[in-house]
Structures are given as structure tokens and as C-alpha cells.
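Below: one structure, written as C-alpha cells.
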């Protein structure tokens, strides 16, 4: 449960950084602003951190793939034989 909350918090932080970069872009009149560059750099760092966190979660077993589709396929194959 705490893992899901961390992922959601990171996603919200990514959206916030993207929004602040948009605000800096609009405010600067379309030219590159130092605040915008910093916000986008922060967003990239958060996205990379989220990706690494998800890979670690999968590797340690905190995240498991949804196997409902595979189970349904197996049932269909066994019923056809």
C-alpha cells in the first residue's frame, strides 16, 4: 500500500513540475527561462526515479503482473481440447 502511495506522490510531483514549467514558459513570453529549464530537469529526474522505483518494485516482488488474461487463455485452451 505504501508503495502505491509513493508512486502516486511521484506522479503528482511530475505533473506539478510540468505545470510549473508551462507557467514559466507562458510568463516568459515563449523564450527559454531558467525556471522552466530547472522545472523540466526536475521532472526528468522524477520520471527517471519513478522508472527505477517501478523496476525495483517488480524485481523485489512488490509489484506483480496481472495474470488474469493468461488464466483466461489457459481456461479457453483447456476447454477446447
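For this structure, a couple of remarks:
- Those residues of the stretch 58-79 which are part of a helix (DSSP H, G or I) and at pLDDT below 75, in sequence order: 68, 69, 70, 71, 72, 73, 74, 75, 76, 77, 78, 79
- Filtering the stretch 1-36 to residues that are assigned to a helix (DSSP H, G or I), free of Cβ contacts under 8 Å to residues at least 12 places away in the same chain and closer than 30 Å to residue 57 by Cα leaves 2, 4, 5, 8, 9, 12, 15, 16, 19.
The values are calculated or read from the model by the stated rules, or taken from the named source; none is laboratory data. The structure displayed is predicted, hence computed values, not measured ones. Note that we place each Cβ from the backbone using ideal geometry, even for glycine, and neighbour counts take in every protein chain shown.
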